[in-house]
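Below you will find the structure I want to go over with you.
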Amino acid sequence: MKLKKLAPQIILLSITIVILIISEVLAVVPSLITPTERLDLAARDVAMRFRGVQEPDERIVIVAIDDFSFNWTGYAWPWPREYIAEIIEVLNDSGAEVIGLDILLFEESGEGDEILAKELSETPISVGLVQIYTDHQGVESIRLPQPVYRDVFDGLGITEIKLDDDAIARSLRAQNNFDKDFFNWVFEVVRLYQKAPPFSEFSPFSIKLGNESIPLQNNRILINYRGPAGTYPTYSAAQVALGDYPPENFKDKIVLIGATSVTLQDIYPSPFSSQTRTSGVEIVANTIDMLLNQHYIQIAPLWVSLLFILLAALLSRLLIRAEHPSLSLSLLFGIFLVYNIIYLIAFIKSGLYLPYTSPVTMLLLGVIMPTLEQALSQEIEKRRVRKLFSRFISPEMVEQLISTQDINTLNKRSEITILFSDIRNFTTLSERLTPSEVVALLNPYLDVMTQIVHKYGGTVDKYEGDAIVAFFGEPVRYEDHALRAARASLDMKLALVQLKQGWEEKGILPPNFNFDIGIGLNSGDVFVGLLGSEERINYTIIGDNANLAARLQDLSKVYGWSMMISDSTNEAIKEEMETEFVEARQVKGKSEPVKIYKLLGEKSKAL
């Protein structure tokens, strides 16, 4: 009766864990937004507001196309190019170092284009905009400045502010490609200001600017805002044209010219305020400031989120073991307070956003809904592990695995040794035997070889016909996995001799058939984990190092020796095993030659 009352709590908690993990995994998909990600965005905004306003870089100023300028000039948008040229002339005379023009110059404007281009040509460094867009038919196109500007701009870049699901601007698109890579114009401004070489490396997760690697998040650069709207010195464009400001306001500065008027709709909610909106040109100013001073923002990778969820689950289990509920709640409040402090310190000191919503939710629910069915859950988990791994490893190792490892930690990258064995010419042999004779031959062979693998703590990955794929070092960790694999290989050769004697006595083997096996060993880093569907799942390995073991087995036919090992395996076993270098050979899938060795035997009794 008690178990029936607690069952809903167990189910709810289990569902919560699964939902949190799935939510964190889905959050890395750029086109998806999950509830936990929305809450994480809010937590990040709180952290930024808590940090408060910081002094902006004094090298950056804004010339604003604002409401005053519209009212003073009486111009409708777009402004005459001649008037923009007047503004730039004043900035050039004031000694501006870089002028970033956040104005689209795609349409022809006659003589005004010639006048504006002439002023830009006299600017020490000028940067303009391109636009790559997709029309309603899905056709991608590019808009470039009028030809007269293309030779005078020192750099061109895209301008694309990315809004998150809550319509707040927290990032810029870093790169877009049409017929070549176009980077965001913030990178061009900084690169030209710093006189850095062209971009040498780019991926969705980083861009190389000079000697500095700038972190990205799925081709987005996250913006470390210095403050809300109005943080940077901003001068009205009309007053600049009138000469109302002293030249020192612009001398040696990065001057960004762009719209701040609400009528031009280039304003966005920011982490500091969703009501008082920040202009696009000031968002650019914040990003340039961040790049100049290397105050980047990064989000902790997925594995950190998953790890924190597991740690929160573990902490909740420890908390509910307290003798009194009041003590559990006090400890919960203390942990929650400490984590908030850690979260803020990580952001303020290093610009790192730790996972927040999922671990906090896990911790709260883990205490609020204590799983009194802990013993039952553990038993169910043990049965699952026992049933799954009894196919791959010995019963003794299954019990050891259950007592030392959680199934959730089985998916990992790990350095192990892979064994690949195959019967020589078995296809030819099977054609000469009846189906019952093939079974009588192959089943005892696989049974004996599997026992040997288990004897040395190995795991049988799969049987591929007459081939055996096994590995040593996971799921129960042995540091001497290479040595175990080598000893298993030697025992497999000896066991084959005894099997052949029995088959010959029973007349199973055809006369004069040389039944032999080839074995390949390689040690290295691979993915080890559970793959498959709910109906069928395997504990298996994936990776280039697994493929190399198979290649070495194939080469055993070439070298006329049944046990071939790689250089990495040789290094691990050479103190106790007798080996012989064969050659460095190019193998399929490798760009460099691979050193290949023969495994001869143990040093005390080498073959």
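The values are calculated or read from the model by the stated rules, or taken from the named source; none is laboratory data. A quick note: this is a predicted structure, and the numbers were derived from the prediction, not measured. Every residue, glycine among them, receives a Cβ derived from its backbone with ideal geometry; neighbour counts consider all protein chains shown.
Restricting attention to helices (runs of 4 or more DSSP H) lying wholly within region 221-322, give those where 3 or more residues are surrounded by fewer than 19 Cβ atoms within 10 Å (Cβ to Cβ), out of contact with any strand residue (DSSP E or B) (no Cβ under 7 Å at 6 or more places or on another chain) and not β-branched (Val, Ile, Thr).
302-319
Would you say GLY157 is in contact (Cβ under 8 Å) with a residue 12 or more places away in the chain and either at positive phi or of a type in the set (Lys, Arg) (or both)?
When the stated conditions are applied, GLY157 does not pass them.
Please go through (1) surrounded by 12 or more Cβ atoms within 10 Å (Cβ to Cβ); (2) under 21 Å from LEU419 (Cα atoms) for PHE513 and return the number of the only condition it doesn't satisfy.
Only one criterion is unmet by PHE513, namely (2).
Right, another one. Only one residue in ASP252, ASP289 is over 27 Å from ASN219 (Cα atoms) and of a type outside the set (S, T, N, Q). Which one?
Only one candidate passes the filter, namely ASP252.
To continue, here is another question. Could you check region 110-120 and list, in sequence order, the residues that are surrounded by fewer than 14 Cβ atoms within 10 Å (Cβ to Cβ) and not charged (D, E, K, R)?
Of everything in region 110-120, just one residue is surrounded by fewer than 14 Cβ atoms within 10 Å (Cβ to Cβ) and not charged (D, E, K, R), namely GLY110.
I need the full set of residues from region 504-556 which are in a loop (DSSP other than H, G, I, E, B) and under 17 Å from ILE468 (Cβ atoms), in order please.
Those that are in a loop (DSSP other than H, G, I, E, B) and under 17 Å from ILE468 (Cβ atoms): PHE515, ASP516.
Same structure again: May I ask you to say which residue of ILE88, ILE142, ILE99, ILE132 is surrounded by 13 or more Cβ atoms within 10 Å (Cβ to Cβ), in a strand (DSSP E or B) and at pLDDT 95 or above?
So the residue among ILE88, ILE142, ILE99, ILE132 that is surrounded by 13 or more Cβ atoms within 10 Å (Cβ to Cβ), in a strand (DSSP E or B) and at pLDDT 95 or above is ILE99.
Quickly run through region 160-204 and pick out the residues that are assigned to a loop (DSSP other than H, G, I, E, B), at pLDDT below 90, of a type outside the set (D, E, K, R) and under 26 Å from the mean Cα position of the chain (by Cα).
Those that are assigned to a loop (DSSP other than H, G, I, E, B), at pLDDT below 90, of a type outside the set (D, E, K, R) and under 26 Å from the mean Cα position of the chain (by Cα): PHE178, PRO198, PHE199, SER200, PRO204.
Is it true that some residue in region 108-125 is assigned to a helix (DSSP H, G or I), under 34 Å from the mean Cα position of the chain (by Cα), over 30 Å from GLU37 (Cα atoms) and among the β-branched types (Val, Ile, Thr)?
Kept after step one, since they are assigned to a helix (DSSP H, G or I), are these residues of region 108-125: 111-121.
Pick out the ones that are also under 34 Å from the mean Cα position of the chain (by Cα) and you get none.
So far as region 108-125 goes, no, none of its residues is assigned to a helix (DSSP H, G or I), under 34 Å from the mean Cα position of the chain (by Cα), over 30 Å from GLU37 (Cα atoms) and among the β-branched types (Val, Ile, Thr).
Look at SER604 and say whether it is at pLDDT 90 or above and not in a loop (DSSP other than H, G, I, E, B).
no
Does any residue of region 505-513 turn out to be closer than 17 Å to VAL460 by Cα and either without any contact (Cβ under 8 Å) to a residue 24 or more places away in the chain or not basic (Lys, Arg) (or both)?
Among the residues of region 505-513, not one is closer than 17 Å to VAL460 by Cα and either without any contact (Cβ under 8 Å) to a residue 24 or more places away in the chain or not basic (Lys, Arg) (or both), which makes the answer no.
Separate question: Could you grab me the full set of residues in region 48-69 that are in contact with a Ser or Thr (Cβ under 9 Å, 6 or more places away or on another chain), closer than 20 Å to ALA259 by Cα and of a type outside the set (S, T, N, Q)?
Correct list: PRO56, VAL61, ILE62, VAL63, ALA64, ILE65, ASP66, ASP67, PHE68.
If you don't mind, there's one more thing I want to ask. Name the residues in region 426-463 that are surrounded by fewer than 14 Cβ atoms within 10 Å (Cβ to Cβ) and either more than 25 Å from ILE541 (Cα to Cα) or over 44 Å from the mean Cα position of the chain (by Cα) (or both), would you?
THR427, THR428, GLU431, ARG432, THR434, PRO435, SER436, VAL439
Kindly indicate whether THR569 is surrounded by 16 or more Cβ atoms within 10 Å (Cβ to Cβ), within 24 Å of ALA467 (Cβ to Cβ) and either basic (Lys, Arg) or without any contact (Cβ under 8 Å) to a residue 60 or more places away in the chain (or both).
Criteria not met by THR569.
Continuing with this model, one more query. Restricting attention to region 581-601, report how many residues are at pLDDT 90 or above and loosely packed, with under 14 Cβ neighbours inside 10 Å.
4
So, in region 195-244, how many residues would count as being of a type in the set (Ser, Thr, Tyr), touching a residue at least 60 places away in the same chain (Cβ under 8 Å) and farther than 27 Å from VAL46 by Cα?
2
Please indicate, with yes or no, whether at least one residue in region 464-477 is at pLDDT below 80, surrounded by 15 or more Cβ atoms within 10 Å (Cβ to Cβ) and not β-branched (Val, Ile, Thr).
Looking through region 464-477, none of the residues is at pLDDT below 80, surrounded by 15 or more Cβ atoms within 10 Å (Cβ to Cβ) and not β-branched (Val, Ile, Thr).
Here's another thing I want to ask about it. Determine, yes or no, whether SER436 is touching a strand residue (DSSP E or B) at 6+ places or on another chain (Cβ under 7 Å), among the small types (Gly, Ala, Ser) and in a helix (DSSP H, G or I).
no
Only one residue in SER533, SER562, SER556 is more than 20 Å from ASP480 (Cα to Cα), surrounded by fewer than 14 Cβ atoms within 10 Å (Cβ to Cβ) and of a type outside the set (A, V, I, L, M, F, W, C), so which one is that?
SER533
From the residues in region 478-487 that are in contact with a Gly (Cβ under 6 Å, 6 or more places away or on another chain) and in a helix (DSSP H, G or I), which one is surrounded by the most Cβ atoms within 10 Å (Cβ to Cβ)?
HIS481
While we're looking at this one, here's another question. Output the residue which, of all residues in region 134-150 that are without any contact (Cβ under 8 Å) to a residue 24 or more places away in the chain and under 23 Å from THR123 (Cα atoms), is farthest from the chain's Cα centre (by Cα).
PRO147
Counting only residues that are β-branched (Val, Ile, Thr) and farther than 19 Å from SER279 by Cβ, how many does region 231-251 have? Please lay out each step first, then the result.
Going through region 231-251, the residues β-branched (Val, Ile, Thr) turn out to be 231, 234, 240.
Then drop every residue that is not farther than 19 Å from SER279 by Cβ, which leaves none.
Going through region 231-251 one residue at a time, the tally reaches 0.
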